[in-house]
1. Looking only at the range 243-251, decide whether some residue is in a loop (DSSP other than H, G, I, E, B) and at pLDDT below 95.
2. Check GLU274, GLU314 and return the single one that is closer than 22 Å to LEU151 by Cα and part of a strand (DSSP E or B).
3. Quick one: how many residues across the range 354-378 are in contact with a His (Cβ under 7 Å, 6 or more places away or on another chain) and under 10 Å from LEU336 (Cα atoms)?
4. Could you please find all residues in the range 103-120 being within 16 Å of ligand 2 (Cβ to nearest atom) and surrounded by 18 or more Cβ atoms within 10 Å (Cβ to Cβ)?
5. Among the residues in the range 89-99, are any in contact with a Lys or Arg (Cβ under 7 Å, 6 or more places away or on another chain) and either among the aromatic types (Phe, Trp, Tyr) or away from ligand 1 (no atom under 16 Å from the Cβ) (or both)?
6. From the list ARG182, ARG203, which residue is open to solvent by 70 Å² or more (accessible area, probe 1.4 Å) and either out of contact with any His (no Cβ under 8 Å at 6 or more places or on another chain) or closer than 30 Å to VAL286 by Cβ (or both)?
7. Tally time: how many residues in the range 212-242 are in a helix (DSSP H, G or I), within 31 Å of the chain's Cα centre (by Cα) and of a type in the set (D, E, K, R)?
8. Condition check: open to solvent by less than 60 Å² (accessible area, probe 1.4 Å) and not assigned by TED's automatic domain parsing to the domain that holds ILE149. Does LEU212 satisfy that?
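The values are calculated or read from the model by the stated rules, or taken from the named source; none is laboratory data. This structure is a prediction, so every number in the text was calculated from the model and none was measured. A quick note on method: Cβ atoms are made from the backbone with ideal geometry, for glycine too, and the neighbour counts reach across all protein chains shown. SASA here: full protein model, heavy atoms, side chains in, ligands and nucleic acids out. Shrake-Rupley method; radii C 1.70, N 1.55, O 1.52, S 1.80 Å.
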Amino acid sequence: MSKSVAKKIQAIRGMNDLLPSESPRWQFFEDKIRQLMKRYGFAEIRTPIVEQTALFARSIGEVTDIVEKEMYTFEDRNGDSLTLRPEGTASCVRAAMENGLLYNQTQRLWYQGPMFRHERPQKGRYRQFHQVGIEAYGFEGPDIDAEVILLSARLWKELGLMEHVTLELNSLGSSEARAAYRDKLVAYFEEHREVLDEDAKRRLTSNPLRILDSKNPAMAEVLDGAPRLLDNLDAPSQAHFEQLKAMLDAAGIAYVINPRLVRGLDYYSRTVFEWTTTALGSQGTVCAGGRYDGLVEQLGGKPTPGVGFAMGIERLILLLETLDLVPNEAGSDVYLLAMDDTATIAAITLAEQLRSELPWLRLQLHCGGGSFKSRMKKADKSGAAFALLLGEDEMNEHTVTLKALRDDQAQQRVPQAMLAHTLSEQLSQTP
Ligand code: ATP
Ligand code: MG
């Protein structure tokens, strides 16, 4: 039998590994998010990555990009149609309803995790990507809309992004107002049919509002002349929008009104917003959200207002990297090495003792033997600020040699009993 070299299996196109060199940035971002959610009183919810296909078809809408062409849908072994979640809102509503979270109460929830869309992979656009989202249920007024926007604004401020993003704001009105507007819009576009592209012609019957979203320069003029949804709002939606703007003004949050902002998903009503940046090319939306008062009912629940947003983590991390705003955190504080194999047991014991005494300490223990020179090389590569060396002399004296790796402080022998104290001082630990 001839031996053939096994063909290497590769990851799926558009689905990325997160490598150890990149994970500190993600953890930095995720830590910020966790803190922020606590500060605003949002509680985390985790839902399965797979749901029944009908959930997304019914909530997102049959004539959206996502449902038309982006979903990962398959039959499981029972023949049920399942879909890898393309977004988080539908699952969140389903879970909240199913677990009675919407029964006579309000909810402020957040989630994060991978989402799946079969799109053409490019910078800032992947087939598995990650979102953080928030969802508030049961609040009708604009105060919660403001709160949702202020939470995102605080994140930009604290990440140093505020001057690099713009808040775009619009109102889609009530579904009745939108239906009336839709007729006006279709009539207008029918008059200008000759300038519509193929996509727009198709949407004319299926989802005409989406035509407003088009980036096709050939249609710019006809889009500019289109009747504006903002001029066709019902009175309560108009009042809601005015109040929201007043709240944002009072909080000092700048925004631009974008009357053509309609969002891709069907379930929005009233407030819609996007945070955009010009620093990422055409993948410029880092956070998108709004109000979807009809969604819970559409999914079979009691009418319950909802508002939220989703942000793309990859795009935000790209943005932070582009602007050089991610702190570069070293992997460890201390690299502890036995100078030779006879000191290994003592080194293990000392490492464990230090980890008990200093729970905050990031200590990497040398493993895998090697010459003294190669051990020191590994210490340096670890990024640690200090190496702790343990050899025969140190063992006899109950000391350890403390050697600074990042500056030329003289090395010193420290009694093992004093080591925790010395390290605390040297690393001037901040809680
Ligand atoms: P786009 O117009 O860029 O396709 P979208 O309207 O489809 O975005 P949403 O469904 O509103 O996006 O998702 C919210 C956020 O999730 C986006 O603003 C973006 O930051 C991120 N996002 C969406 N699709 C992808 C993707 N394929 N890869 C990476 N991030 C994505
Ligand atoms: Mg999209």
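1. no
2. Testing whether each residue is closer than 22 Å to LEU151 by Cα and part of a strand (DSSP E or B) leaves just GLU274.
3. The number of residues fulfilling the criteria is 1.
4. The answer is MET115, PHE116, ARG117.
5. no
6. One residue alone meets the criteria, ARG182.
7. 2
8. So LEU212 fits the description; yes.
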